[in-house]
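Bear in mind these aren't lab numbers, they're just calculated from the coordinates by the rules spelled out. Bear in mind the structure is a predicted one, so any value in this text is a computation, not a measurement. FYI the Cβ positions are ideal-geometry reconstructions off the backbone, even for glycines, and counts take in every protein chain you see.
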Amino acid sequence: MPGRALRRLEFARRAALDLLAIDAYIARDNPKAATAVVEYVLQQADLLLRHPFTGKPTKPGAPRKLVLTRYPYNIHYRVTATKIRIVRVLHQARRIA
């Protein structure tokens, strides 16, 4: 689309560590399931590049939240003119800290 700013996807260190922890936790019982969950989260994060406002806003100044449906995780992210920054990937039973 002409004139549309291209954004890039960026994972904060904490979000990358969240994904590693999710993978390690699930892989203890089922390595294939762990791979499937992490791949799904990454696919959903990638979709934010085309639809950055899909996730719902939380509080003013707080990250947006994309609620995933296939697995019980949420992607918390911020949108700027140049990037989508994933700040956390958390189980839906947890709150962002």
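Please report 76, 51 as a ranked list, fewest other C-beta atoms within 10 angstrom at the top and most at the bottom. Provide the component values of the computation, followed by the final result.
Working: 76 22, 51 10.
The order, fewest Cβ neighbours first, is 51, 76.
With the Cα gyration tensor of the chain in hand, convert its eigenvalues to equivalent ellipsoid semi-axes via √(5λ) and list them largest first in whole Å.
Result for the chain: semi-axes of 24, 15, 11 Å.
Could I have the simple spin-label model distance between residue 17 and residue 91, label points 7 Å from Cα toward Cβ, reported in nm to one decimal?
In this crude spin-label approximation the distance works out to 1.8 nm.
How far, in degrees from 0 to 90, does helix 13-27 lean away from the longest principal axis of the Cα atoms of the chain, to the nearest 10?
Tilt relative to the chain: about 30 degrees.
As I understand it, the value is the acute angle between the Cα axis of helix 31-47 and the longest principal axis of the Cα atoms of the chain; what does it come to in degrees, rounded to 10?
The angle comes out near 10 degrees.
Below 8 Å, C-alpha to C-alpha, sequence gap of six or more: please give me the relative contact order for the chain in percent. If you can, show how the numbers build up before the last one.
Values: 133 pairs, mean separation 31.8, N = 97.
Relative contact order, the chain: 33 percent.
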